[in-house]
Amino acid sequence: MKSSAPTRRLTSLYIISLSSIAALAIAGQFLIQQQLNRQATDLKILTTAQMRQTLCQKLLKNVLAVSLTPDSELKQQRIADLEEALKNWQDSKEGLQSDMQKMLSAAELAEIKPTFEQLEPVSQAITEAATSILQRQSQGAPPLSPPPPPPAGLPNPRNLRDRLTQNSPSQPLPSPGTAKLPTPSIVDLAGPQLLRAEKEFSQLTNHVIDWYGQKAAMGVARLKFMEFALLGVTLGVLVLEGSLVFRPAVKKLQETLDALGVSLRQVAQEREKSEKLLLNILPEPIANRLKRQPKAIADGFAEATVLFADIVGFTELSSRLSPQELVVQLNEIFSAFDLIAERYGLEKIKTIGDAYMVVGGLPDPRPDHAAAIANMALDMQAELQRINEQNQRSLDIRVGINSGPVVAGVIGLKKFIYDLWGDTVNVASRMESHGLPGKIHLTETTHQALIADPNHDYELELRGAIAVKGKGEMQTYWLKGRKSVYPIASSPR
């Protein structure tokens, strides 16, 4: 529960950061799309303004063409062209202002309004003048003739445009918001003054185009600023996400991995302890079989050697020692016996009170099982003598050994133990109980196994026939020692 609160907080922060980035992305796309739409409209408005200029120039050219064409047949074609140009001019009159009213704010419309107020009378005058000239030419008016020579002292115009505009010189266009242009009359514009009106119209339209172009450029600048601003905000959110979400999350993950590593090491250590404990109870091959298939195990072995040992005088010793001291003394003796069994590759079966049981030749069969048990019995006597000298005791052991077939395995459901069954086990126990303190008592079977060993080096002594409970008369022997040092090799475990 303690670790779930930080995890929920990190998850919430992560969701909030992702939602913020998504919201910024959506807002950015919306604003950018809006600006792109505005740019498309800006292009349309600028195109409309330029088209209006072009139509004005085309109208002027058609007026001049009609006025200057003497050929009647060609004149009719010019008149038709002028009619078409006049119609296009009239159709485009409201387009520019209508488009700008859709896109501009009230403040921007107020800013450009004076220019449109100046454009309106000039545009109207151009329309009326072109209409008047069209009507006049349609009624068969003669073409314009060259002007008479100017009076003495006046400059001679060099072309038609100078002749048309010499009496009405062009004046600079007032800026938007200043005094309005005087509305030209039809009489003024119906003739040569149409050129001046076209020039004024072009200047006013250029002003509109320049002004709106600046607005469009400002829109592009705003779009770029918006893109950089969104990029900066997104990077800021990512930085905050890294510091507030990912860094703590990585730290938490590292802590979790460290804790998991510790847990895994602890599990491995506990498993190793369990394995060792299990191997202290059962032989390794038997333990592995039980782990693979947990059921009763019983294996028959044709040749094995069983040893029973009992500590003589231990009952009398237990009456003089406290239970704790008694257990310590017994543990010291049996621990030394365990080390000897491990050295010779033998399998300890169990201890019962002050009795010790060990077997050679299983669970892994070996040909020198009798020799290995004989060597262990001799070493047990020597080790107990060392312990007596160290603790100033006078303990002794009685050992019985028998060889033959046995059944070994694990039975039951709880408190598993690897145990032995069969007549060989019973006779080995009888050899111990019918033996003497400090003596190693052997059956005829074990005696034959020892003398048949190629490394036979033991001092054996015939005890003779004795009565054994349940078996009758049996020929037995004493194992007294080795003729020389015989380091027998342990079998592989």
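The values are calculated or read from the model by the stated rules, or taken from the named source; none is laboratory data. Given the structure is predicted, the values throughout are model-derived calculations rather than measurements. Cβ placement follows ideal geometry from the backbone for every residue including glycine, while neighbour counts extend to all protein chains displayed. Ligands, DNA and RNA are excluded from the accessible area calculation, which covers all protein heavy atoms including side chains. Shrake-Rupley method; radii C 1.70, N 1.55, O 1.52, S 1.80 Å.
Here are the numbers:
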{"quantity": "Looking only at the range 348-376, and only at residues there that are among the charged types (D, E, K, R) and more than 60 Å from the chain's Cα centre (by Cα), the one that is nearest to D299 (Cα to Cα)", "calculated": "D368"}
{"quantity": "Single residue of A309, A304 found to be outside any helix (DSSP H, G or I), modelled with pLDDT of 90 or more and touching a Lys or Arg at 6+ places or on another chain (Cβ under 9 Å)", "calculated": "A309"}
{"quantity": "Output for the range 324-356, where each listed residue is touching a Ser or Thr at 6+ places or on another chain (Cβ under 7 Å) and either under 14 Å from I397 (Cα atoms) or among the basic types (K, R) (or both)", "calculated": "F334, R343"}
{"quantity": "From S92, S132, S105, residue being modelled with pLDDT under 75, among the small types (G, A, S) and touching a helix residue (DSSP H, G or I) at 6+ places or on another chain (Cβ under 9 Å)", "calculated": "S92"}
{"quantity": "Selection count where residues are open to solvent by 10 Å² or more (accessible area, probe 1.4 Å) and assigned to a strand (DSSP E or B), scope the range 434-454", "calculated": "0"}
{"quantity": "Any hit, the range 302-313, residues being without any contact (Cβ under 8 Å) to a residue 40 or more places away in the chain and more than 60 Å from the chain's Cα centre (by Cα)", "calculated": "no"}
{"quantity": "Residue selected from the range 39-84 under the condition among the small types (G, A, S) and within 30 Å of A216 (Cα to Cα), by the criterion modelled with the highest pLDDT", "calculated": "A49"}
{"quantity": "Selected residue [open to solvent by 70 Å² or more (accessible area, probe 1.4 Å), over 24 Å from S12 (Cβ atoms) and modelled with pLDDT of 75 or more] from L253, L235, L277, L264", "calculated": "L264"}
{"quantity": "From the options G412, G422, residue that is open to solvent by less than 80 Å² (accessible area, probe 1.4 Å) and at pLDDT below 85", "calculated": "G412"}
{"quantity": "Strands (runs of 3 or more DSSP E) lying entirely in the range 320-433 (those with 1 or more residues that are without any contact (Cβ under 8 Å) to a residue 12 or more places away in the chain)", "calculated": "347-352"}
{"quantity": "Residue identified as among the β-branched types (V, I, T) and surrounded by 20 or more Cβ atoms within 10 Å (Cβ to Cβ) among I352, I397, I387", "calculated": "I397"}
{"quantity": "Looking only at the range 239-249, and only at residues there that are at pLDDT below 75 and either aliphatic (A, V, I, L, M) or touching a strand residue (DSSP E or B) at 6+ places or on another chain (Cβ under 9 Å) (or both), the one that is farthest from R8 (Cα to Cα)", "calculated": "L240"}
